[in-house]
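Engineer: Below is the structure I would like to discuss, written out as structure tokens.
The values are calculated or read from the model by the stated rules, or taken from the named source; none is laboratory data. Note that the structure is a prediction, hence the values are computed from the model and not measured. Cβ atoms come from the backbone with ideal geometry, glycine included; neighbour counts cover every protein chain shown. When the accessible area is computed, the model is the full protein with side chains, heavy atoms only, and any ligands, DNA or RNA have been set aside. Shrake-Rupley method; radii C 1.70, N 1.55, O 1.52, S 1.80 Å.
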Amino acid sequence: MTESIVPTPTPTPTPTPLRVAVLGTGHIGPAIARAARDAGYDVTVSASGSPERISLIAQVVMPGVEPVWAAEGIGRADVVVLAIPLHRFLAIDAEALRGKIVIDAMNYWAPTDGTLAAFTDSALGTSEIVQRHLAGASVVKTLNHTGYHDLEEDRRPAGDPERRAQGVAGDDPQAVALVSRMVDAMGYDPLVIDGLAGGRILQPGGPAFGARLTLAELEDAVEVDVAA
């Protein structure tokens, strides 16, 4: 009797986790880093200097998040999160972020940032100006309109009636789709907003800023603002 030979199945490769580099160790940076880590992403964090300066902070406040030099984190990342004071943003090397998806979680606060000439054009949203500076990157505005103290506490699994929403605005549809999946995995319902220009509703003075809204509530806020 001839034995039938059953071919050995080819194992399905384990997908590589999305690599996220968080730039900024103030309030919002660590909150985003922890949320991304909890969502299963490979997360690094960087400050303005040596990673040794933040190694203890990372161990205590962000266990599982690797402190690295900013250049290393950017080089390894699929997504770079800008969670630094806006006045420091202009010193970033735009070329280093070429080809990257960049989440803009920054806000313009004149009392703390001072008056920044680059961001005083009221005809443009701050993320539109960030995109101009980072011409080779795909900028997506999100995670900026919720306070850092609420960002983690408000996370909920999909389908939870108390789940909050995060607006996601960008001009690159593929980048917006990827960041929307990331926001969902982090515990929020993503609401895609039409373009970076539309993302102005998410910044200080906009109807979504500082508000803890469900998806339906955020949709209503967006519609009201557009209608106005």
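Engineer: Looking at segment 117-126, is at least one residue open to solvent by 10 Å² or more (accessible area, probe 1.4 Å), free of Cβ contacts under 8 Å to residues at least 60 places away in the same chain, assigned to a loop (DSSP other than H, G, I, E, B) and β-branched (Val, Ile, Thr)?
Structural biologist: Yes, that holds for at least one residue.
Engineer: Taking the criterion of being more than 20 Å from Ala137 (Cα to Cα), open to solvent by 30 Å² or more (accessible area, probe 1.4 Å) and either assigned to a helix (DSSP H, G or I) or without any contact (Cβ under 8 Å) to a residue 12 or more places away in the chain (or both), would at least one residue in segment 77-94 satisfy it? Show your work before the answer.
Structural biologist: Start the filter on segment 77-94 by keeping residues that are more than 20 Å from Ala137 (Cα to Cα), which leaves none.
No, segment 77-94 contains no residue that is more than 20 Å from Ala137 (Cα to Cα), open to solvent by 30 Å² or more (accessible area, probe 1.4 Å) and either assigned to a helix (DSSP H, G or I) or without any contact (Cβ under 8 Å) to a residue 12 or more places away in the chain (or both).
Engineer: Here are some conditions: (1) free of Cβ contacts under 8 Å to residues at least 12 places away in the same chain; (2) over 25 Å from Val130 (Cβ atoms). Pro173 meets all but one. Which one does it not meet?
Structural biologist: Pro173 satisfies every listed condition except (2).
Engineer: Of the residues Val168, Val192, only one is among the aliphatic types (A, V, I, L, M) and open to solvent by less than 20 Å² (accessible area, probe 1.4 Å); which?
Structural biologist: Numbers: Val192 fails: open to solvent by less than 20 Å² (accessible area, probe 1.4 Å).
After applying the criteria, what remains is Val168.
Engineer: Go through the residues of segment 44-63 one by one and say whether even a single one is modelled with pLDDT of 95 or more, over 22 Å from Thr142 (Cβ atoms) and part of a strand (DSSP E or B).
Structural biologist: The answer is no; no qualifying residue exists.
Engineer: Now, a different point. Just give me the residues in segment 127-142 being open to solvent by 30 Å² or more (accessible area, probe 1.4 Å) and in a loop (DSSP other than H, G, I, E, B), in sequence order.
Structural biologist: Within segment 127-142, Ala135 is the sole residue that qualifies.
Engineer: Can you tell me which condition His145 does not meet? The list is (1) part of a loop (DSSP other than H, G, I, E, B); (2) surrounded by fewer than 22 Cβ atoms within 10 Å (Cβ to Cβ), and all the others hold.
Structural biologist: Going through (1) part of a loop (DSSP other than H, G, I, E, B); (2) surrounded by fewer than 22 Cβ atoms within 10 Å (Cβ to Cβ) one by one, His145 breaks only (2).
Engineer: Considering segment 95-116 alone, what residues qualify as being open to solvent by 50 Å² or more (accessible area, probe 1.4 Å), of a type outside the set (Phe, Trp, Tyr) and not in a helix (DSSP H, G or I)?
Structural biologist: Within segment 95-116, Arg98, Gly99, Thr115 meet the criteria.
Engineer: Show the residue pairs meeting these rules: Cβ distance below 9 Å; 6+ apart or different chains; first residue within segment 151-162 and in contact (Cβ under 8 Å) with a residue 40 or more places away in the chain and closer than 12 Å to Asp184 by Cβ; second residue open to solvent by 60 Å² or more (accessible area, probe 1.4 Å) and not basic (Lys, Arg).
Structural biologist: Correct list of pairs: Arg155/Asp38.
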